[in-house]
Amino acid sequence: DSTHAFEQGHCTVTCSFSCCVISSLAKVANAHLAINRLGPCFRSRPGLPVFPSSSSRHLNFARPRGSYSHHNSSPLGPPHPKAIFPFSSVQHTGRMTAGATADQKSTDVMATAPQPMHSALSVTIQDARVLIQPSASSTTGGVRTQPLHTLVMDLDSNRAEMQLMPRQGHSTMDVLAVMGMCKLHAGSALIVVTAAKPVAQLRGTDVYEVVEAQVLASTNASQNRANQALLKLLREAVDPHGAGRGLYFSYFYDLTHTAQRAALLASSDATWAAQPTSQRAEQHFMWNRAMAAPLLSAGAHRFVVPCILGFVQQLPGLTFQENGRGPQVKATVTLLARRAASRAGTRQWRRGADTEGYVANYAETEQLLTVDGPATHPAAGTTMSYVVVRGSIPLLWTQLPNMKYKPTTVIGPSQVSGAAHDKHFTSMVQQYNNVLAVNLINQGHGTEGKLEDAFRAEATRLIGSGSPIGQAMRYVAFDFHAECGQGKYHRLAVLWDQLAADFKVHGLFKHLNGQAAATQQGVVRVNCIDCLDRTNVVQGVLARKAVEVMLRELGLMPSGSTLTLPEAYPLVEKQFKIMWADHGDALSNQYAGTGAMKSGFTRTGKRTMGGMVDDGAKAVMRYYLNNYQDGRKQDAIDLLTGAYRCDTVNVPPIKPQPSPIMPMMLALLAVGLGAHNFGMALPYILGQTVPPAMAEADPDHLQQSQGMLHGARHLLSHVVFNPPLGSVSASIGRGLTSTPAADGPALHALIGAVLGYVILPVVLGLSLLVLLVQNGKHLVNKPQLCPNLAVTVQKPRTGESEKTKQH
């Protein structure tokens, strides 16, 4: 059975005859397949088949056991024959075998065909025992008798192993991918992808965004009290609307590697390209590496897909002209960001570096441009890429939430921060050869000024040391707010002048005719305080410069001109800006809970009043999320990424936390009540009338109240129109003696009303707010699983020397 042999991965094909063998297997496999073209989202779940109409765009469907419907709605077709990376010798073009592929080919004579990933799986759940097998076709005509490689798991005993077993006749559910297995306090949980949508196509291979994921656990594990809190955190960690927003995977394209990194690895190791993507993934960017580890150790490399958290978007079918006026050329621009799984977390609970040199909010963004055709064009199939990174300031510093808008910042001394700083840049130089660190925070004042001074001191020390690492890096400080404040974004040209020489030296990656024609020899590392808003603006500028260089090198810009992208291709520029704004919003949502500030400028190229109002709303939302929601989100991320490891002895330290929401609402209500009372009374004071409710409630004092109001109005008019103190004092005397308000009881009643209904609520509300802020660090929503990871350095206690307690 050729299809069975191919499904089992027993067919090892070398490059010399892989094309004909795989083509033959594909023909056999296609005879057993029902290929259905679906909409932009496909979902796997048990039930009766519901066949979608051709007009379906958002698809929810159930399917029978053992069937698999796959779609390919990507506008890109198969890659040009010249455009084959050494690491991508087997192409996925949208048609799959039962559990493997249906249309694969190898045109790179330097690579062997890698083992295909299983692209659809059947899961049989027998309480704690779970069996996962490649899905069978609904047209096979019966249940196969040949044994299949089966992933067998016992969720109660935390065991996983591969076994040869007959195909299970009745599966519990069908899934698209396995993310991994997470150990709980008692037993384990299995995380699977049940719905996904294609968002791009790279090297003829679809890239999917997770739309729905499920967490499966045995009855015993689900009923364990400690596990219940952990299972809730896991569900939140993979929720596409929560901490799992922006999870991507591909069955055949390795999303964890840049195009250049993968090409160089493949050229240096002939066996590297033959490994499944889960086996050759870059662990630093594999978001599910911790929960995938036990399954990969069991040999389930074809069952587990490596996932990234970040951003993927593609602009297909862009139209350019040869030399700016010749024949039309079609190209595709892809933007791909991968977030590091080390020191992952939320905005306030993960700042700076740890002692190993890993920094918070570290993300690698890769921009690729691929020439799609026509096939006769000399550059057809050429791919070029540019990589830029962002990451928190690589020092030991914290900024723990305490209900203040700007929390207290604690910076570790040089003797502890210096080592972390050097480890970080050592790793970066090893990865990218040269590093240009661009620091965009404020200079000379405030918290950001102190951080800039500390970063500059460490960078200057390392650069001046004469070490190979110091010689490979450069530091540039650019006070973004001072230079570009009040809408002066044209001042970004000043920064570009400082970066242009390094940008040229770093170069770009170019892949042509199956070979790496050029490589990028350095990277620009950009940071601000959060590595979100200012960072995204500057990275967008660099990315635009990179596209312009790519187009010129490919002969797609007017020859001999200095036109920029907006001038040469305004329609492309418009789409380009929107894509980069979406990129910034995606990374910002994952780290801070809102879209990026200043995204209006990135999206439109203009700084508008609407954009400033939008930034204000985002600032308020960030304050709320950082203080009242992010502790739990941080716990979810720590559990999924393996920062926290459960065991059977120690109960997870998850307890209910006090919330300041109610006292804060009471405080704001009191202030608002006082303001409301004053606003209601003011018109009556100015109009010499008494509110009807007051007259009805106390008719005996109506005349007295009218006198009070008349006196108050008389006083108010003199205060406003006669500001000198002498005249004010005189008017007070005249007002009080010439009206009934001069009567002692009436005056006392007036003062009592103002105190009781206006001043007292305002004072009580403001006092409560001050009390809450002073004790805010005890009331914010804190992470409970790994609180020590948030506090890399502690503030010295009163009376102590400049000692820093390091964790």
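The values are calculated or read from the model by the stated rules, or taken from the named source; none is laboratory data. What you see is a predicted model; the values in this text were computed from it and never measured. Heads up, the Cβs are rebuilt from the backbone with ideal geometry, glycines too, and the neighbour counts pull from every protein chain shown. The protein model used for the area step is the full one, side chains on, heavy atoms only, and it has no ligands, DNA or RNA in it. Shrake-Rupley method; radii C 1.70, N 1.55, O 1.52, S 1.80 Å.
The range 596-651 and the range 168-208 have Cα centres spaced 26 Å apart. Charge tally around Gly522: other residues with Cβ under 11 Å, Lys/Arg +1 each, Asp/Glu -1 each, net +2. By the rule of a C-alpha distance below 22 Å, with chain neighbours fewer than 8 residues away ignored, the lysines paired with Lys598 are Lys406, Lys488, Lys545, Lys574, Lys577, Lys606, Lys618. Annotation: lysines with alpha-carbon distance below 16 angstrom to Lys232 (same-chain offsets under eight excluded): Lys183, Lys633, Lys655. Taking every protein chain into account, the 1.4 Å probe leaves Arg159 with about 150 Å² of accessible area, to the nearest ten.
The gain in end-to-end length when the Leu563 to Leu666 segment is fully stretched comes to 31.1 nm, 0.36 nm per residue minus the alpha carbon separation.
Quick one: if the Förster radius is 25 Å, what FRET efficiency do Ser465 and Trp496 give, using the C-beta to C-beta distance and rounding to 0.05? Efficiency computed from Cβ-Cβ geometry: 0.30. If you take all other residues with their beta carbon under 14 Å from the beta carbon of Ala501, and give Lys and Arg +1 and Asp and Glu -1, the sum is +1. Charged neighbours of Glu366, selected by a Cβ distance under 13 Å, balance to +1 (K, R count +1; D, E count -1). Here the Karplus curve 6.51 cos²θ - 1.76 cosθ + 1.60, taken at θ = phi - 60°, turns the phi angles of the range 337-353 into couplings of 10, 10, 8, 5, 7, 8, 6, 7, x, 9, 4, 8, 8, 9, 10, x, 10 Hz, with x standing for Gly and Pro. The magnitude of the dipole of the range 420-508, with charges of +1 and -1 set on the Cβ of Lys/Arg and Asp/Glu and taken from the Cα centre, is near 120 debye. Phi angles across the range 193-198 convert, under the Karplus curve 6.51 cos²θ - 1.76 cosθ + 1.60 with θ = phi - 60°, into 3J(HN,Hα) values of 9, 10, 7, 7, 9, x Hz, Gly and Pro given as x. With the whole protein complex present, Trp580 retains an accessible surface near 10 Å², based on a 1.4 Å probe.
Along the range 443-456 the Karplus relation, 6.51 cos²θ - 1.76 cosθ + 1.60 evaluated at θ = phi - 60°, assigns HN-Hα couplings of 10, x, 7, x, 4, 5, x, 5, 5, 5, 4, 5, 5, 4 Hz to successive residues, with x for each Gly and Pro.
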